[in-house]
Structures are given as C-alpha cells and as structure tokens.
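Nothing in this text is a laboratory measurement; each read-out follows from the coordinates by a stated rule. Because the structure is predicted, anything quoted here is derived from the model rather than measured. Backbone-built Cβ (ideal geometry, glycine too); neighbour counts: all protein chains shown.
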Amino acid sequence: MYEMKTRVGFSMVGENLELPLTGIINFLQDCATFHSQDTGYTTQWLVANHRGWFVTDWQIRIHKRPVMGENVTVRTYPYKARGALASRYFTITDWDETPFVTANSLWVYMDLDRSAPTRAPEEMMKSYGIGAPPTEDFGGRKIHFDGDTETIEQVRVDKTMIDSNGHMNNGKYISLAESLLMGKGPFNFYRIEYKAQAHEGDRLLLKSGVKDGQTLVEITNTDFEPYMRLEAIKEE
C-alpha cells in the first residue's frame, strides 16, 4: 500500500466547489505515479528506458464528492500482477477515514519503441508490493451499451494534451467527456475503457447517448474507431 496526503484546491473544483471526475482521476493517477517514483522507478527512469505504465480500465465509485479545502488521503493497493498487466485498487478518504471514492483499475506495461506490451521487471513488481485483491464488487470491466450515440462536437489534439508517453494524457479524455455530462446525472459510478492512443494533430469526435438510465460518452477518431468509452450511472 502507498498513500499520499493532499488537499482539494480551488483550481481543482467546479462551480459547485466539488471535485469533478477529472480531479478524482488526477488524484488516482498521481498516487500511482508517486508510488512508482518513490520506489525508484521514476517517470524519468521510465522515459529514459522507453517504458511506460498505461491504464486501460477504470471502475470508479463515488461515495461522497470531496469539496474545496478538504484534506484527503489517497491510497493505492497494487494486486494481481502478471506479465505486462497489473491491477491497482484505490481509495480516497478524508483524514478521519470517511470514504469519498473507491476505484479499481487495470494497467499495462509498455515498450514505447515497439508500442507493445512487455513483461514488467520482477524487481519492479516486488518494490511495488503486490497484495490481496479488493473485496469490493465493481462488476465487469467491459461497457455494454446498445443505444444510439450522437456526435456532439469535434476537438483537435494539441500540444497541451500530450504527456511524457507521447500521447494524449488519460485525464484529458475525462475532461472532454465530462463536458458532455454537464446537466445530466447525478452519477456516482463510472466505468471507463481506453481503447487506443490519440496523438497531437488527431481529430476527435465526442459522442454521447442515453438508454435505460445508462449514459455513454465515446471519443473516437473520424472513422468512428474509439479512443475511450465512459459509462456513467446512478447506483442506488
């Protein structure tokens, strides 16, 4: 287990002063990267060795949204590592351990020269500390949506969206998707799939659809091949 303590800042929240999904995912992603950083497998080491950890799936349950000024603890629990794949469970709580967010995720270790998965070094996985899987039930990883979607807008990927892996940062997809969820919901469970990598200059289609209480946001290329899919629902 690895944890970081932080605080919800004004630049992170929306007009309702609550932390949006983008801010939540940024906390989770930062916690995972700081964990790797503090075990010696820094982002600089990964870049120099042409390697990177890419998240492929999120399942995120929001118990209560953190608000402006709140102190939070973000924890990550690596588990079930095999070959190029590893899973991480996350929690976000206040400093009195009141739960805000729980999340499950799947990551793949990539050879950036070949743009292909490669086996993670055994020493790396030992340094992360692989524990038991979570007992919380998040359901399946895959999104099943048989409704229609409508293209809402187009966006071009610019330099500000690119991270050290040379492609569009995971959080940027969520920020775009979240703009299509405005005025809908409220939602407290999100299932996210990353399908492909967008690069500078790519044109993105932002699509959305609703059916039977399920809201889907899909970001595709101009041939309608998906980069990312996000399902938002309200759990009882």
| field | Environment charge at N169 (Cβ cut-off 15 Å; Lys +1, Arg +1, Asp -1, Glu -1) | value | -4
| remark: Candidates K184, K142, K172; GNM for the chain (alpha-carbon contacts under 10 Å) flags as most fluctuating K184
| request: Could you tally the net charge around T222, taking each other residue with its Cβ under 10 Å from the Cβ of T222, Lys/Arg +1 and Asp/Glu -1? | output: -2
| Roughly what would the spin-label model give for R82 and I162, points 7 Å off Cα along C-beta, in nm? | 3.6
| Given +1 on the Cβ of Lys and Arg, -1 on the Cβ of Asp and Glu, and no further charges, what dipole in debye does the chain carry about its Cα centre, rounded to the nearest 20? | 420
| Computed lengthening from R119 to D223, 0.36 nm per intervening residue step minus Cα-Cα distance | 34.3 nm
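If you take all C-alpha pairs in the chain, what percent of them are over 21 Å apart?
On the way: 15933 of 27730 pairs.
Every Cα pair in the chain considered, those over 21 Å come to 57 percent.
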| field | Whole-Å distance, taken between Cα centres, linking region 218-236 and region 30-95 | value | 22
| request: Excluding residues on the same chain fewer than 8 positions from K184, give the aspartates and glutamates whose Cα lies under 20 Å from its Cα. | output: E15, E18, D146, D148, E150, E153, D212, E218, E231, E235, E236
| field | Estimated 222 nm signal from helices in the chain, with DSSP H stretches of n ≥ 4 weighted -39500 (n - 2.57), rounded to 500 | value | -5500 deg cm²/dmol
| query | How large is the dipole of region 150-233 about the Cα centre if only Lys and Arg carry +1 and Asp and Glu carry -1, each at its Cβ, rounded to the nearest 20 debye? | reply | 120
| request: State, to one decimal in nm, how far the label point of D38 lies from the label point of E236, with both points 7 Å from Cα in the Cβ direction. | output: 4.1
| field | Environment charge at N49 (Cβ cut-off 14 Å; Lys +1, Arg +1, Asp -1, Glu -1) | value | 0
| Can you give the relative contact order of region 2-128 as a percent, counting alpha carbon pairs under 8 Å and 6+ residues apart? | 28
| query | In a GNM of the chain with a 10 Å cut-off on Cα contacts, which of K207, K64, K126 has the highest mean-square fluctuation? | reply | K126
| request: Using only Cα positions of region 15-70, each an equal point scatterer, no hydration layer, compute I(q)/I(0) via Debye at q = 0.14, 0.20, 0.26 Å⁻¹ and quote the log10 values to two decimals. | output: -0.52, -0.83, -1.06
| note | Surpassing 19 Å at the alpha-carbon level, of the pairs K64/K211; K80/K195; K172/K195, are K64/K211; K80/K195
| message | With a cut-off of 8 Å between alpha carbons and a minimum separation of six or more residues, what is the relative contact order of the chain in percent? | response | 19
| Rel. contact order, % - alpha carbon contacts under 8 angstrom, at least six apart, region 150-233 | 36
